[in-house]
Every structure is written in structure tokens, then in C-alpha cells.
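The values are calculated or read from the model by the stated rules, or taken from the named source; none is laboratory data. Every value quoted in this text rests on a predicted model; they were computed, and no experiment measured them. Here Cβ is always computed from backbone atoms with ideal geometry, including for glycine, and neighbour counts include all displayed protein chains. These area figures cover heavy atoms from the full protein model, side chains too; ligands, DNA and RNA do not enter into them. Shrake-Rupley method; radii C 1.70, N 1.55, O 1.52, S 1.80 Å.
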Amino acid sequence: MFDLRGKVALVTGAGSGIGAAIARAFATQGATVYIGDRDAAAARTVVEEIRATGGVAVVCTLDVANADSCRAAADAIFATHPQGLDVLVNNAGIGHVGTILQTEEADMDRLYAVNVKGVFFLSKIFLPKMMERRSGSIINLASIGGIVGVKDRLAYCTTKFAVVGITKTMALDHAESQVRINCICPGRVETPFVQARIKEYPDPAKAYKEMSATQALGRMGSPEEIAAAAVYLASDESAFVTGSALIIDGGLSAGK
Ligand SMILES: NC(=O)c1ccc[n+]([C@@H]2O[C@H](COP(=O)([O-])OP(=O)(O)OC[C@H]3O[C@@H](n4cnc5c(N)ncnc54)[C@H](O)[C@@H]3O)[C@@H](O)[C@H]2O)c1
């Protein structure tokens, strides 16, 4: 089960955190994985780690917020794999803390460019070949902040609700061609993204405890726990799953 041998995948934001864990898990299951990140050094490190364990990985430097950069990265992938990708994971994302009164237009634009347009650009590029082959899985990293509101995360939640929207709409639009589009909605996962947020609080240790406690299970998730879901959604075992927003949040959104 969950055999990804013979599949070609691009994971964006794979130089760190959840994306790196997804890339490692895909490689372990036998996929050829393109490590997409705007941080070339971080991408190289993940590629070297994967190769050291016998996996197949390739650096793919790109800025998902820039259409030309996405096109150039895709052209390089198509040159080696003219059939295109089997799996696209739109994972690259950035955060912002603040209410609407603490959010500037520039913050909204920055988050929209990476979190939403990044999904838009790459899906638009890789979808047509998937449709031709009547096969393919697109996995978007939304957030629990795309399912319920999160205090002080105005810009972030706005973009993550949009990611759930693009996922469900694309799933309907392209179901006929058998391409599956799903998203994963994690609660708090301990990654550099969350560690950076915690450092912004006046008392980081207290903030860590409080953030852990918001999950019913009383802890944050690990990147590997999210990667396991991505492996499922990439694999043929999830052939009947499309348009889903898979919540993995330790019970955060289950209720009070
Ligand atoms: N960590 C969490 O608690 C959590 C919870 C819910 C959802 N998410 C989502 O999961 C995804 C990954 O989060 P993470 O915690 O692993 O983040 P992270 O900050 O650890 O890693 C993000 C990676 O994306 C890359 N990146 C950022 N902007 C980019 C761009 N424009 N082009 C290419 N690469 C870019 C960064 O260089 C970095 O390597 C994000 O979409 C995030 O919103 C995270």
C-alpha cells in the first residue's frame, strides 16, 4: 500500500518543515521528488538528505508567487519528464499575525501572492498534462485556519479559506478527467514557521504551552504526521478521494 514508485512529484516549500517531511516521505515510498523552494540552499540540504538514504530528489529553485519563475521551474521538469507530474504538492506558504486593524494592504498582497497565487500558477501549469493522462493528484496545504477563524490571523485565514475554495472548485471542474484535487488542513505543527511565530510573543515559553493546549490532544502535531496524509492523497489508495479538506488538527476544531 501507498507505493509511490514510478511517480514524479513536485513539493513546493520543501526546504523546511511540513514540505521537507512530505518530500522525505514521498522519496521513502519510491517517488522521484522535486524539492521546490525559493531558498536554494535549504532545497539542496533536503535533496542531499534524501539521496543519502537512497531516494531520488532534485533541486527545483522557484518563487511560487512569481508566474515566470513557476514557468521556468516547470519547463525544467517537463524537459526531463515530458509526461509531466503525477503529484503536485502546493505547500509553500507564509504567515502573518494581526487583526484587520493591524494588517496593511501590503500584508494582504504578500500573503495572497504566495498562499493563493502560488497554488493558482502551478496548478494551471501542471493540470493540462494530468488531464491528458486522466491521472494525477494535486494536494494543497491549507490550514485549520481555512476551516474556522483563528484570532489575530486575518490575512492568513483569508488566504487559507481561499485555498480550500480553489481545491473544492478545481475538484469539481476536473473530476471528469480523473485528476484529484484535495487539501490538508493542519492544526499547529511544530515547524520553523510556528517556532518563528512563538518567538514573536513576549513570553515564548508561555505561548508554546498555550498553542499546544489549543489542540484537544494537548500538543502540536509533527511534520511527519502531516506527511503521512500527503502520502495517502498522492497514492492510488486514495483514488476515490477528491475535493476533500482533510483536517489533521489534534481535535482543535472538534468543538469546545
Ligand atoms: N506549521 C503549522 O502549524 C501549519 C499549520 C497549518 C498550515 N500550515 C501550512 O503548511 C505549509 C508549510 O508550513 P511550514 O510550517 O512547514 O512552513 P516553513 O516556514 O517551515 O516552510 C515553508 C517553506 O516554504 C518556502 N517558501 C516560502 N515562500 C515561498 C515562495 N514564495 N516560493 C517558494 N518557496 C517558498 C520557505 O523557504 C520554506 O522553506 C504552509 O502553507 C502553511 O501555511 C502550517
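Please tell me if Gly93 is under 26 Å from Val179 (Cβ atoms), part of a loop (DSSP other than H, G, I, E, B) and either without any contact (Cβ under 8 Å) to a residue 12 or more places away in the chain or within 16 Å of the ligand (Cβ to nearest atom) (or both).
yes
Return only the number of the condition from (1) surrounded by fewer than 24 Cβ atoms within 10 Å (Cβ to Cβ); (2) part of a strand (DSSP E or B); (3) within 11 Å of the ligand (Cβ to nearest atom) that Val11 does not satisfy.
Exception for Val11: condition (1).
If we scan the stretch 15-28, do we find a residue that is surrounded by fewer than 19 Cβ atoms within 10 Å (Cβ to Cβ) and either more than 12 Å from the ligand (Cβ to nearest atom) or in contact (Cβ under 8 Å) with a residue 40 or more places away in the chain (or both)?
yes
Looking at this structure, is Ile50 surrounded by fewer than 16 Cβ atoms within 10 Å (Cβ to Cβ), at pLDDT 95 or above and over 20 Å from Asn140 (Cα atoms)?
No; evaluated as a whole, the condition is false for this residue.
Considering each residue of the stretch 208-241, count those that are open to solvent by 60 Å² or more (accessible area, probe 1.4 Å) and in a loop (DSSP other than H, G, I, E, B), and give that number.
Count: 6.
How many residues does the stretch 48-67 contain that are within 13 Å of the ligand (Cβ to nearest atom) and assigned to a helix (DSSP H, G or I)?
The qualifying residues number 1.
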